[in-house]
Amino acid sequence: MKKILLGGTALAAAALVAMPAFAEDNAVTSGLKMKISGFVAWEAGLIIGSSDDDRDREYDFNSNGRLQFDISNTTDSGLEYGARIRMNNVNRRQDVTVDRQYVYLKTPEMGTITLGDSPQVAGDFGYFFAPDDILNSPGGYGDNLDGNYRYGGGDFFSLDPTYHSGLDKSTSIKYSSPSLGGFIFAVGFTPVISDTKNLSNGTQGRADLFDGGQVFENAISGGLGYEGEFDGTSVKVRGTASYANGIDNHWDLETYSAGGQVGFGGIVASLVWVGTPSGFGAGATDKNFDTVGFGLGYSLGALNFGLGYAYTWADKNNDLEGSSAQGGFDLKDNHVAAATVNYTLAPGLNTYAEVIYEIQNFRKQDIGGVTVQDDNSWEQAVFQTGISVAF
């Protein structure tokens, strides 16, 4: 009898598995594709020399990670749609930072509409840095100039107009055109930009609508560019313009960029100018800031090299302080240079070494006939090396 009961139970289970699912049981997301990517990285850093001698030690370790989820599908009519969620600072020390969260709709004929927290047009169209096309460097680990400056510096130079404008901290709507004979354009709009990302993003709603923290409102940005290839030489040129109204005691934002990049036979070179007549430092000053940035990358397969240099100069009486300059304010100019070598040990496994040098020069200041600051500068060189696994 026991055998009969067991056998009957097995047959019933098999029948349930074999039965077709009812319509209401079908997954709504049937057909969607999902991709999970990210990295985990470890780094060691040593301050070779610095004018800041107040640190307890001149070396440290750092580690971090990222998780990114991409969902996409294409309908029979040719509409591609999808979403992205990217989580940075996936580590034991910090709250996870969600810095990408958006939906997109795309057709080959009409272009792409992006809705949510995504890179702004000024970043999409204004960023030129050749080492990024060569180095296998995730999230600031071996990214040459485009690093995280964990040991100080990086306060003033801009490789695109979003670096010190606050434009990257917003929920927006963006349209990007398809390529029209190599020409492309994009426009974007966001109602409000906050001084911290967690004010304008998150599950608790828009705290910055009511509780302060606003920097700009009604931010509009646009970009125009051309991309093509001629006898094996790739060419890319683009320009951007962005404007926003300053609020809560912040200056209006006005920023522009123009740049180009050329690649041939494993060598890529880039040049970019970023000009901000008003609103630099997330609306902290109405004085003009300009940066010219140069990048060079060279690939030998698994072994890759990157060189970067950026020069920034600013108008008088900007009164901006460097985070590491021991009281220095009113920037005169800033030089930063980096050299990076990256080696791919195995698929997804990369190691690197780099040296970053920076000097910030500040003006002499007289207030009411009293010298409150003599000519001041901050200088530092850092060596960094590390390893990462990207997936």
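The values are calculated or read from the model by the stated rules, or taken from the named source; none is laboratory data. Values in this document were obtained by computation on a predicted structure and should not be read as measured data. Using ideal geometry, Cβ is built from the backbone for each residue, glycine included, and neighbour counts are taken over all protein chains shown. These area figures cover heavy atoms from the full protein model, side chains too; ligands, DNA and RNA do not enter into them. Shrake-Rupley method; radii C 1.70, N 1.55, O 1.52, S 1.80 Å.
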Does segment 209-237 hold any residues that are in a strand (DSSP E or B), open to solvent by 40 Å² or more (accessible area, probe 1.4 Å) and more than 30 Å from A269 (Cβ to Cβ), and which are they?
E217, N218, I220
When only residues in segment 172-194 that are buried (at least 19 other Cβ atoms within 10 Å of the Cβ) and either modelled with pLDDT under 85 or of a type in the set (S, T, Y) (or both) count, which is nearest to D124 (Cα to Cα)?
S176
Do we have E358 as open to solvent by 70 Å² or more (accessible area, probe 1.4 Å) and not β-branched (V, I, T) here?
no
Determine, yes or no, whether V336 is β-branched (V, I, T), crowded, with 23+ Cβ neighbours inside 10 Å and out of contact with any helix residue (DSSP H, G or I) (no Cβ under 6 Å at 6 or more places or on another chain).
yes
Does segment 131-138 contain any residue that is open to solvent by 30 Å² or more (accessible area, probe 1.4 Å), part of a strand (DSSP E or B) and more than 24 Å from G275 (Cα to Cα)?
no
For residues that are of a type outside the set (A, V, I, L, M) and within 12 Å of the chain's Cα centre (by Cα), scanning just segment 142-162, find the one that is surrounded by the most Cβ atoms within 10 Å (Cβ to Cβ).
P161
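Looking at segment 238-252, is at least one residue of a type outside the set (S, T, N, Q), farther than 23 Å from D195 by Cα and outside any strand (DSSP E or B)?
So far as segment 238-252 goes, no, none of its residues is of a type outside the set (S, T, N, Q), farther than 23 Å from D195 by Cα and outside any strand (DSSP E or B).
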Quick test of your reading of the structure: D333 fulfils all but one of (1) free of Cβ contacts under 8 Å to residues at least 40 places away in the same chain; (2) under 20 Å from the mean Cα position of the chain (by Cα). Name the failing condition by number.
(2)
Residue list for segment 110-162, filter: of a type in the set (F, W, Y) and under 29 Å from P347 (Cα atoms)
Y127, F128, F129, Y141, Y149
If I go through segment 163-180 residue by residue, how many of them are part of a strand (DSSP E or B) and more than 15 Å from the chain's Cα centre (by Cα)?
6
Failed item in (1) within 24 Å of the chain's Cα centre (by Cα); (2) within 26 Å of G142 (Cβ to Cβ), with G265 passing the rest
(1)
Scan segment 48-107 for residues that are open to solvent by 50 Å² or more (accessible area, probe 1.4 Å), part of a strand (DSSP E or B) and over 22 Å from A390 (Cα atoms) and report the count.
9
Residue under question is A346, and the condition is that it be farther than 27 Å from P277 by Cβ, at pLDDT 95 or above and under 24 Å from the mean Cα position of the chain (by Cα); does it hold?
no
From the set of residues in segment 350-391 that are of a type in the set (S, T, Y) and under 21 Å from Y141 (Cα atoms), which is nearest to the chain's Cα centre (by Cα)?
S388
